[in-house]
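Colleague: Below: one structure in structure tokens.
The values are calculated or read from the model by the stated rules, or taken from the named source; none is laboratory data. Keep in mind it's a predicted model, so treat the numbers as computed, not measured. Virtual Cβ from ideal backbone geometry, glycine too; neighbours counted across all protein chains shown. The area values use the complete protein model at the heavy-atom level, side chains included, leaving out ligands, DNA and RNA. Shrake-Rupley method; radii C 1.70, N 1.55, O 1.52, S 1.80 Å.
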Amino acid sequence: MVMFNPPHPGETLREDVLPELKLTVTQAASQLGVSRITLSRVLHGHASVSVDLARRLEKWLGGPANGPSADSWLRQQLQYDLWQARQTPEPKVQPAVMA
């Protein structure tokens, strides 16, 4: 089975959402109520989409009825994080044994 590297959710925001809305990072950050630095770090994959930001994105883009839900942003972040983690050696753990 071939695995692929899922995109960081910031890539979706940077390449799809902001251009579609014709917004700069500064404008989007202002509308979201976060700092430009915070949003820029997410857009460039240097920070994760937090629960707070996921909720802000959901509300900003029209709620789950008209846009991506907070859950979808968090799932995308989780898929990215898990794929990245699986590129490193497996952690050394002992199997669970009943006491």
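Colleague: With N denoting the number of residues in segment 4-70, provide Rg(C-alpha) divided by 2.2 N^0.38 Å, to two decimal places.
Modeller: Cα-based Rg divided by the globular estimate yields 1.02.
Colleague: As a test of the formula, what do you get for the chain when each DSSP H run with n ≥ 4 contributes -39,500 (n - 2.57) and the sum is divided by the residue count, at 222 nm and rounded to the nearest 500 deg cm²/dmol?
Modeller: Computed ellipticity for the chain at 222 nm equals -14500 deg cm²/dmol.
Colleague: Could you give the length gained on full extension between I37 and D16, defined as 0.36 nm per residue of separation minus the Cα-Cα distance, in nm?
Modeller: Using 0.36 nm per residue and subtracting the Cα-Cα distance, I get 5.6 nm.
Colleague: Given a cut-off of under 8 Å on Cα pairs at least six residues apart, what relative contact order in percent is computed for segment 7-52?
Modeller: 47 percent
Colleague: Can you tell me the relative contact order of the chain? Whole percent, Cα pairs under 8 Å, sequence separation 6 or more.
Modeller: 29 percent
Colleague: So with the 1.4 Å probe, I'd like the accessible area per residue for the chain, rounded to whole Å².
Modeller: Per residue, the chain has 72 Å² of solvent-accessible surface.
Colleague: Return the ratio Rg/(2.2 N^0.38 Å) for segment 37-83, where Rg is computed over Cα atoms only.
Modeller: 1.11
Colleague: Right, something else. Per the 1.4 Å probe, what fraction of the accessible area of the chain, in percent, lies on carbon and sulfur atoms?
Modeller: C and S atoms contribute 57 percent here.
Colleague: Can you give the FRET efficiency for K92 and H46, using 1/(1 + (r/R0)^6), R0 = 35 Å, r = Cβ-Cβ distance, to the nearest 0.05?
Modeller: Efficiency for this residue pair is about 0.75.
Colleague: For R55 and R75, calculate 0.36 nm times their separation in residues minus their Cα-Cα distance, and state this gained length in nm to one decimal.
Modeller: 5.9 nm
Colleague: Next question, about the same structure. Which one, Q77, Q27, Q87, has the greatest fluctuation when you compute a Gaussian network model over the chain with C-alpha springs under 10 angstrom?
Modeller: Q87
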